[in-house]
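Colleague: Supplied in structure tokens, the structure appears directly below.
The values are calculated or read from the model by the stated rules, or taken from the named source; none is laboratory data. All of these numbers come straight from a predicted model, not from anything done at the bench. Cβ placement follows ideal geometry from the backbone for every residue including glycine, while neighbour counts extend to all protein chains displayed. Protein only, heavy atoms only, side chains kept; ligands, DNA and RNA dropped before computing areas. Shrake-Rupley method; radii C 1.70, N 1.55, O 1.52, S 1.80 Å.
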Amino acid sequence: MNKIDSQLLQNLCKVKAPSGSEIYLKEFLLNYINENQTNWAVRPKIIYGDDFQDCLILVFGKPTTAIFAHMDSVGYSVGYENELLKIGGPKAEEGTLLIGNDSKGEINGKLHYSIEDDGDEKRIVKTEITFSREIDRGTTLTYQPNFIETETHIQNCYLDDRLGIWTALKVAETLENAAIVFSAWEEVGGGSVGYLAKFLFEKYTIRQALIADITWVTDGVKDGNGVAISIRDSGIPRRAYIDKIIQLANESGVKFQLEVESAGGSDGNALQKAPYPFDWCFIGAPELNVHMPTEKVHKTDIQNMLDLYVYLMKNL
Amino acid sequence: MNKIDSQLLQNLCKVKAPSGSEIYLKEFLLNYINENQTNWAVRPKIIYGDDFQDCLILVFGKPTTAIFAHMDSVGYSVGYENELLKIGGPKAEEGTLLIGNDSKGEINGKLHYSIEDDGDEKRIVKTEITFSREIDRGTTLTYQPNFIETETHIQNCYLDDRLGIWTALKVAETLENAAIVFSAWEEVGGGSVGYLAKFLFEKYTIRQALIADITWVTDGVKDGNGVAISIRDSGIPRRAYIDKIIQLANESGVKFQLEVESAGGSDGNALQKAPYPFDWCFIGAPELNVHMPTEKVHKTDIQNMLDLYVYLMKNL
Amino acid sequence: MNKIDSQLLQNLCKVKAPSGSEIYLKEFLLNYINENQTNWAVRPKIIYGDDFQDCLILVFGKPTTAIFAHMDSVGYSVGYENELLKIGGPKAEEGTLLIGNDSKGEINGKLHYSIEDDGDEKRIVKTEITFSREIDRGTTLTYQPNFIETETHIQNCYLDDRLGIWTALKVAETLENAAIVFSAWEEVGGGSVGYLAKFLFEKYTIRQALIADITWVTDGVKDGNGVAISIRDSGIPRRAYIDKIIQLANESGVKFQLEVESAGGSDGNALQKAPYPFDWCFIGAPELNVHMPTEKVHKTDIQNMLDLYVYLMKNL
């Protein structure tokens with residue numbers, strides 16, 4: 001990853017856009033695309049507006065496959081008296097820095113768990129933010145970014161899925177016939193994929209999707225062993241489509257590993273339930289410290305992810 | 001609330017229409033609308049029939065926003081040998097009166113829990129109705145209404161959501177450009193909102209919804225403190241839409257309180273998952289004794305709910 | 001059941017088609033239909049292809065009602081180092097024979113549970129297949145069929161829902177105006193019913209569905225007491241539709257029993273959530289040993305199921 005690419009990823013991770021507040025990432029993306037598309041192989045149609053809420057679609061040439069990358073991150077909503085409610089499944093430790101804004105100004109406080117310990121079991125009874133004043137109800141908070149790049153890894157909050165967004169933007173430079181979808185609400189079970197799929201199917205007869213998202217390092221999917229192609233997670237895609245992708249991945253020469261899990265989900269699950277005949281396959285780099293402020297991905301896995309997307313979007 | 005309004009609410013609460021049996025409330029509404037619409041500012045199109053199952057839509061002028069109010073209530077299905085199965089989440093005490101009809105006549109019995117007590121824990125192992133004969137399988141039972149009006153409160157079963165329906169009917173008197181949707185199956189996770197949203201979006205390009213439903217009194221939402229505008233519950237709506245509504249609510253001068261919860265849901269969740277780009281916001285009075293026969297709402301909160309809907313439907 | 005019918009059912013149960021791999025059952029059905037439709041009362045339109053993934057629709061004359069029968073079965077995916085992950089909810093005992101194929105050849109091994117016993121409780125910590133070599137990741141495994149026909153019963157794996165498919169194929173011989181839908185992913189919560197419902201509604205204005213699937217023998221639904229008509233399970237259909245079906249069932253003279261359950265689901269649940277106004281009713285024979293290799297159904301219940309479908313498709 002060169003300096004410009006690294007900076008782009010860093011900037012993406014800085015945008016405060018938990019589920020429901022994707023509008024800020026949409027604005028970032030519109031700016032980026034407007035500034036950079038002149039250097040792309042093909043200039044896409046940029047589709048957004050009232051019929052798409054805060055989502056954004058890019059259409060290059062005559063697309064048959066769409067890349068889905070979700071804009072939203074996990075986070076917290078401020079409830080009553082600075083209590084915190086989860087947005088999606090954040091996994092933060094005691095003392096984690098949380099930031100945001102409300103009508104009275106900037107917020108920068110520490111997460112605090114009240115623990116009940118009855119001898120047998122410790123149980124979180126309340127999650128709060130320690131801050132000097134009461135925060136407006138409904139204010140959303142996100143992690144304080146802390147970008148760390150080493151010889152081998154990149155670490156930051158929200159690599160899930162700003163790295164998927166980053167990959168989509170890098171692949172965009174090479175696309176001739178394709179669609180890219182920047183979706184919303186993935187971390188909370190969906191809410192945009194249905195109408196996005198409707199549009200892609202009805203307007204362009206697109207039936208093939210790749211889910212550009214970040215997965216977990218597990219017993220079977222190792223850090224640094226290549227981009228993961230998921231055969232299944234909680235969702236079970238159509239096997240004939242997965243087999244076609246695995247065959248192309250073999251032909252591509254790109255380093256990849258096959259994932260088979262029973263838990264976890266993605267925009268693929270929402271596509272599965274949408275009333276359109278979409279095939280989908282999750283393809284993404286694995287990360288350590290999922291949904292923590294220290295999400296961490298191997299740089300070669302990132303490169304493999306990008307390379308595989310470039311190959312698949314040409315050959316699928 | 002004057003006597004006529006109070007009588008209307010009382011009559012709405014009497015209709016036996018648990019999820020799946022909304023047809024009886026639909027019939028009540030058709031009668032009411034036919035008798036009263038001549039006094040309304042605008043006579044609406046009344047839309048129903050085979051394409052809408054037991055649902056009903058009113059369209060006034062050129063609508064851009066739809067009010068959703070669900071017709072169904074919680075209740076019970078009779079299983080084998082007078083065992084009871086829940087419809088939605090009823091919360092009734094031992095001895096609660098349940099009423100219904102089957103092929104052999106009227107039913108009026110008492111709810112009975114069989115409790116297993118192993119010392120550590122009490123557990124309901126069976127819920128039954130005590131009645132003189134075996135009831136037809138699949139018969140639906142509901143609470144015996146008991147309307148109590150005091151200086152400050154109204155109490156009855158099924159204020160959730162007959163009070164939402166009542167609000168919609170009262171707002172209807174003033175509407176010029178709007179839609180009202182009377183939906184089904186809300187208490188069991190949905191089943192009508194998808195096709196209702198489809199119709200509203202495809203026929204009228206409606207993308208804005210207000211969910212006229214009843215919420216819970218909690219630590220942050222107090223009885224008598226105004227209508228609740230929900231920033232989130234288990235569903236997380238688009239923040240830009242919520243912010244617009246809060247701003248209008250501030251301008252309206254109506255007393256309201258902001259709700260932020262992690263649990264609970266409404267027709268909003270079904271709208272979120274439907275493949276149409278609907279914004280939604282839950283706005284409703286808070287109640288005590290949720291899903292019990294003694295649901296109880298403060299009269300000023302009811303008035304605030306009605307006033308806020310009147311204001312929003314003019315200005316949103 | 002005569003020999004030819006028994007052989008057809010046996011052959012259907014042999015097809016390895018767990019959720020996601022329905023393509024193999026689709027191919028079987030296409031062959032069967034092409035060979036047999038000349039003997040049917042009406043030759044149907046056979047609808048399949050890219051817009052229907054691995055699903056298949058038959059349309060006879062001018063249809064108003066569709067039969068849904070799901071092609072997929074429960075099964076297992078091979079994970080890492082021969083660990084097994086469930087596809088749907090298989091219920092197999094230690095030592096159950098599992099079969100499949102991967103790039104290295106045929107697989108025929110035994111299911112093995114690793115049990116953790118801490119005195120209080122036994123808990124399955126791992127499910128594996130005992131086999132001589134490592135199996136390709138993502139390989140799907142199914143039960144080894146073992147068809148047993150006695151005077152009274154038929155026993156085999158995957159009667160759920162190959163018996164529903166069988167019923168649909170037998171009813172097909174008599175249909176004049178109807179649709180039959182062979183659906184996918186039922187055992188894992190759906191994924192095809194949405195677009196199938198869309199097609200049926202938009203192209204043929206079909207709003208009525210019967211779910212031809214297999215249910216459970218319970219306290220209220222007995223083996224040999226007739227086909228079950230489900231008034232509700234986890235899903236609650238529209239009561240007016242169920243009542244119409246029960247009335248027709250009474251007129252038919254076919255032996256049936258009414259089911260009322262709080263758990264379990266079917267393609268009916270997916271129809272309920274699809275954005276089309278479909279009424280649905282589950283009608284199917286009850287079985288013993290649900291999702292085990294020894295699913296077992298009474299032959300008279302099978303005959304009742306077939307007879308009731310023939311009657312309903314003429315009179316509904």
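Colleague: Are there any pairs with C-beta distances below 7 angstrom linking a residue in the stretch C:190-207 that is more than 8 Å from chain A (Cβ to nearest Cβ) to a residue that is assigned to a loop (DSSP other than H, G, I, E, B) and surrounded by fewer than 20 Cβ atoms within 10 Å (Cβ to Cβ), with the two at least 6 apart or on different chains, and if so which?
Modeller: Close Cβ pairs satisfying both conditions: C:206/C:64.
Colleague: Answer yes or no: is there a residue in the stretch A:10-21 that is of a type outside the set (A, V, I, L, M, F, W, C), farther than 18 Å from residue A:163 by Cβ and more than 14 Å from chain B (Cβ to nearest Cβ). Even if it seems obvious, please write down each step before you answer.
Modeller: At the first step, the residues of the stretch A:10-21 found to be of a type outside the set (A, V, I, L, M, F, W, C) are A:10-11, A:14, A:16, A:18-21.
Next cut, farther than 18 Å from residue A:163 by Cβ only: A:20-21.
If we keep only those that are more than 14 Å from chain B (Cβ to nearest Cβ) too, we end up with none.
No; the residues of the stretch A:10-21 include none that is of a type outside the set (A, V, I, L, M, F, W, C), farther than 18 Å from residue A:163 by Cβ and more than 14 Å from chain B (Cβ to nearest Cβ).
Colleague: What's the number of the only condition in (1) touching a residue at least 40 places away in the same chain (Cβ under 8 Å); (2) open to solvent by 40 Å² or more (accessible area, probe 1.4 Å) that residue B:262 fails to meet?
Modeller: Here residue B:262 meets the rest and fails (1).
Colleague: Among the residues of the stretch C:161-188, write down those that are touching a Gly at 6+ places or on another chain (Cβ under 9 Å) and of a type outside the set (A, V, I, L, M). So that I can check it myself, show each step before the final result.
Modeller: First, pick out the residues of the stretch C:161-188 that are touching a Gly at 6+ places or on another chain (Cβ under 9 Å): C:161, C:163-164, C:167, C:175-178, C:183-188.
Correct list: C:161, C:164, C:167, C:176, C:177, C:183, C:185, C:186, C:187.
Colleague: Which residues, counting only those in the stretch B:88-138, are part of a strand (DSSP E or B) and β-branched (Val, Ile, Thr)? Outline the logic, then answer.
Modeller: Taking the stretch B:88-138 and keeping what is part of a strand (DSSP E or B), we get B:97-102, B:105-117, B:122-130.
Across the stretch B:88-138, the qualifying residues are B:99, B:107, B:115, B:124, B:125, B:127, B:129, B:130.
Colleague: Please enumerate the residues belonging to the stretch C:49-76 that are within 11 Å of chain A (Cβ to nearest Cβ) and either outside any strand (DSSP E or B) or surrounded by fewer than 24 Cβ atoms within 10 Å (Cβ to Cβ) (or both). Give the steps one after another, and end with the answer.
Modeller: Taking the stretch C:49-76 and keeping what is within 11 Å of chain A (Cβ to nearest Cβ), we get C:49-55, C:72, C:75-76.
Once the filter is applied, which keeps residues that are within 11 Å of chain A (Cβ to nearest Cβ) and either outside any strand (DSSP E or B) or surrounded by fewer than 24 Cβ atoms within 10 Å (Cβ to Cβ) (or both), the stretch C:49-76 yields C:49, C:50, C:51, C:52, C:53, C:54, C:55, C:72.
Colleague: Looking only at the stretch A:81-94, how many residues end up being at negative phi, within 14 Å of chain B (Cβ to nearest Cβ) and out of contact with any Ser or Thr (no Cβ under 8 Å at 6 or more places or on another chain)? Reasoning before the result, please.
Modeller: So in the stretch A:81-94, the residues at negative phi come out as A:83-87, A:89-94.
Those still in the list that are within 14 Å of chain B (Cβ to nearest Cβ) too: A:83-87, A:89-90.
Right, trim to out of contact with any Ser or Thr (no Cβ under 8 Å at 6 or more places or on another chain) and you get A:89-90.
Total meeting the criteria: 2.
Colleague: Of the conditions (1) hydrophobic (A, V, I, L, M, F, W, C); (2) free of Cβ contacts under 8 Å to residues at least 24 places away in the same chain; (3) under 27 Å from residue B:86 (Cβ atoms), residue B:290 clears all except one; give me its number.
Modeller: Against the list (1) hydrophobic (A, V, I, L, M, F, W, C); (2) free of Cβ contacts under 8 Å to residues at least 24 places away in the same chain; (3) under 27 Å from residue B:86 (Cβ atoms), residue B:290 comes up short only on (2).
Colleague: Among the candidates A:234, A:132, single out the residue that is of a type in the set (S, T, N, Q) and within 27 Å of residue A:258 (Cβ to Cβ).
Modeller: A:234
Colleague: Is there any pair linking a residue in the stretch A:226-248 that is closer than 17 Å to residue C:49 by Cα to one that is open to solvent by 20 Å² or more (accessible area, probe 1.4 Å) and not basic (Lys, Arg), with Cβ under 6 Å and at least six apart or on different chains, and which?
Modeller: A:240/C:23
Colleague: Here's a follow-up. Hey, among the residues in the stretch C:31-48 that are of a type in the set (Ser, Thr, Tyr) and away from chain A (no Cβ under 14 Å), which one's surrounded by the fewest Cβ atoms within 10 Å (Cβ to Cβ)?
Modeller: Just the residues of the stretch C:31-48 that are of a type in the set (Ser, Thr, Tyr), to begin with: C:32, C:38, C:48.
Those left that are additionally away from chain A (no Cβ under 14 Å): C:32, C:38.
Working: C:32: 16, C:38: 7.
Ranking the candidates gives C:38 first.
Colleague: How do the pairs read when you match residues in the stretch B:1-30 that are in contact (Cβ under 8 Å) with a residue 40 or more places away in the chain and open to solvent by 40 Å² or more (accessible area, probe 1.4 Å) with residues anywhere that are assigned to a helix (DSSP H, G or I) and charged (D, E, K, R), using Cβ under 7 Å and keeping only pairs 6 or more apart or on different chains?
Modeller: Listed by first residue and then by second, the contacts come to B:1/B:299.
Colleague: Quick check: is even one residue across the stretch A:20-34 part of a loop (DSSP other than H, G, I, E, B) and not polar (S, T, N, Q)?
Modeller: yes
Colleague: Another question about this same structure. Please work out which residue is nearest to residue A:69 (Cα to Cα), limiting yourself to the stretch A:265-316 and to residues that are open to solvent by 30 Å² or more (accessible area, probe 1.4 Å) and of a type in the set (Val, Ile, Thr).
Modeller: The residue in question is A:310.
Colleague: Specify the residue that is nearest to residue C:209 (Cα to Cα); the eligible residues are those in the stretch C:236-248 that are open to solvent by 10 Å² or more (accessible area, probe 1.4 Å) and touching a Gly at 6+ places or on another chain (Cβ under 7 Å). Write out each step before concluding.
Modeller: Step one: filter the stretch C:236-248 for residues open to solvent by 10 Å² or more (accessible area, probe 1.4 Å), giving C:236, C:238-240, C:243-244, C:246-248.
When the remaining residues are screened for being touching a Gly at 6+ places or on another chain (Cβ under 7 Å), the result is C:236, C:238-239.
On the way: C:236: 14, C:238: 12, C:239: 14 Å.
That would be C:238.
Colleague: Could you tell me which of the residues C:237, C:293 is at the interface with chain B (Cβ under 9 Å from one of its Cβ atoms) and modelled with pLDDT of 95 or more? Full working, then the answer.
Modeller: Details: C:293 fails: at the interface with chain B (Cβ under 9 Å from one of its Cβ atoms).
The conditions single out C:237.
Colleague: On the given criteria, is residue A:297 in contact with a strand residue (DSSP E or B) (Cβ under 7 Å, 6 or more places away or on another chain), part of a loop (DSSP other than H, G, I, E, B) and of a type in the set (A, V, I, L, M)?
Modeller: On the way: in contact with a strand residue (DSSP E or B) (Cβ under 7 Å, 6 or more places away or on another chain): yes; part of a loop (DSSP other than H, G, I, E, B): no; of a type in the set (A, V, I, L, M): yes.
No: the conditions fail for residue A:297.
Per-residue answers, yes or no, for (1) within 28 Å of residue A:194 (Cα to Cα); (2) among the hydroxyl-bearing types (Ser, Thr, Tyr):
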position: A:212; (1), (2): yes, no
position: A:215; (1), (2): yes, yes
position: A:219; (1), (2): no, no
position: A:239; (1), (2): yes, no
position: A:245; (1), (2): yes, no
position: A:253; (1), (2): no, no
position: A:262; (1), (2): yes, yes
position: A:267; (1), (2): yes, no
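Colleague: Now for a separate question. Which one is nearest to residue A:306 (Cα to Cα), of the residues in the stretch A:173-208 that are open to solvent by less than 10 Å² (accessible area, probe 1.4 Å) and among the β-branched types (Val, Ile, Thr)?
Modeller: Only one residue fits best here, namely A:180.
Residue-wise test of (1) without any contact (Cβ under 8 Å) to a residue 12 or more places away in the chain; (2) open to solvent by less than 30 Å² (accessible area, probe 1.4 Å).
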| position | (1), (2) |
| --- | --- |
| A:94 | no, no |
| A:100 | no, yes |
| A:103 | no, no |
| A:108 | no, no |
| A:111 | no, yes |
| A:123 | yes, no |
| A:139 | no, yes |
| A:143 | no, yes |
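Colleague: Could you tell me how many of the residues in the stretch C:84-100 are within 16 Å of the chain's Cα centre (by Cα) and among the small types (Gly, Ala, Ser)?
Modeller: Total satisfying the criteria: 2.
Colleague: Name every residue in the stretch B:209-226 that is under 18 Å from residue B:252 (Cβ atoms), surrounded by 21 or more Cβ atoms within 10 Å (Cβ to Cβ) and more than 15 Å from the chain's Cα centre (by Cα), in order of residue number.
Modeller: B:226
Colleague: Sticking with this one: Could you say whether any residue in the stretch C:192-206 is in contact with an Asp or Glu (Cβ under 6 Å, 6 or more places away or on another chain) and either assigned to a loop (DSSP other than H, G, I, E, B) or within 17 Å of residue C:57 (Cα to Cα) (or both)? Break it down into steps so the answer makes sense when it comes.
Modeller: We begin by selecting, within the stretch C:192-206, every residue in contact with an Asp or Glu (Cβ under 6 Å, 6 or more places away or on another chain); these are C:193.
Pick out the ones that are also either assigned to a loop (DSSP other than H, G, I, E, B) or within 17 Å of residue C:57 (Cα to Cα) (or both) and you get C:193.
The answer is yes, given that some residue of the stretch C:192-206 is in contact with an Asp or Glu (Cβ under 6 Å, 6 or more places away or on another chain) and either assigned to a loop (DSSP other than H, G, I, E, B) or within 17 Å of residue C:57 (Cα to Cα) (or both).
Colleague: Another question about this same structure. Taking the stretch A:65-90, which residues are among the aromatic types (Phe, Trp, Tyr) and within 29 Å of residue A:175 (Cβ to Cβ)? First the steps, then the outcome.
Modeller: Applying the first criterion (among the aromatic types (Phe, Trp, Tyr)) to the stretch A:65-90 yields A:68, A:76, A:80.
Within the stretch A:65-90, just A:68 meets the criteria.
Colleague: Looking only at the stretch A:125-137, which residues are within 14 Å of chain B (Cβ to nearest Cβ) and open to solvent by less than 90 Å² (accessible area, probe 1.4 Å)?
Modeller: A:125, A:126, A:127, A:128, A:129, A:135, A:136, A:137
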